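Structure first, then comments.
The values are calculated or read from the model by the stated rules, or taken from the named source; none is laboratory data. No experiment lies behind these values; they were computed from the predicted model shown. Using ideal geometry, Cβ is built from the backbone for each residue, glycine included, and neighbour counts are taken over all protein chains shown.
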Amino acid sequence: MSGFKTQPAVMMCGMNVAGINEVDQRGRWHLSYNPSVQGYGCVTTALVFDNRVFFVLNGDHRKAWGEAADLEGALDYFIEHHQQISDMSEHRMALGLARDEFALMPTLADIAGPALFTKLFNAFKAGAEDESN
């Protein structure tokens, strides 16, 4: 698997807690594989922006998603695998296609930039329009 390393321990409630995720850090975004089925009901792989916005796919996508050369490639992979998007994914909130309770859109827009944000919005806009009818 390209670049994936076990997440270092994190401090929670004053205690070091071992990380279980495997992370492929790419600057302000990273890919994160969660081998636990506890939180999502299955293993998941996520594209994470500034440790704040999570685009989550069900299943283990480390090998193929890890081959993305840049953010555009990673976003293209997410779009191409839309049928595997977890119900817990925050992409719709971050794109303004669902109520953005956590103000995720500015983080995504800042990291993705206008061209990639528009590409993502257009890819998922049709699905949002279908849901509102």
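Of the residues A74, A112, only one is surrounded by 18 or more Cβ atoms within 10 Å (Cβ to Cβ), touching a strand residue (DSSP E or B) at 6+ places or on another chain (Cβ under 6 Å) and of a type in the set (A, V, I, L, M); which? Please lay out each step first, then the result.
On the way: A112 fails: touching a strand residue (DSSP E or B) at 6+ places or on another chain (Cβ under 6 Å).
Residue meeting the stated conditions: A74.
May I ask you to list pairs of residues, at least six apart or on different chains, whose Cβ atoms are under 7 Å apart, with the first in the range 1-30 being surrounded by 12 or more Cβ atoms within 10 Å (Cβ to Cβ) and the second being at pLDDT below 65 and in a strand (DSSP E or B)?
Once the first residue is surrounded by 12 or more Cβ atoms within 10 Å (Cβ to Cβ) and sits in the range 1-30, its partners that are at pLDDT below 65 and in a strand (DSSP E or B) give G19/V10.
Would a scan of the range 38-57 turn up a residue that is over 11 Å from the mean Cα position of the chain (by Cα), at pLDDT below 95 and within 23 Å of A103 (Cα to Cα)?
yes
Identify all residues within the range 50-71 that are surrounded by fewer than 21 Cβ atoms within 10 Å (Cβ to Cβ) and of a type in the set (F, W, Y); write none if there are none.
Listed by number, the list holds a single entry, F54.
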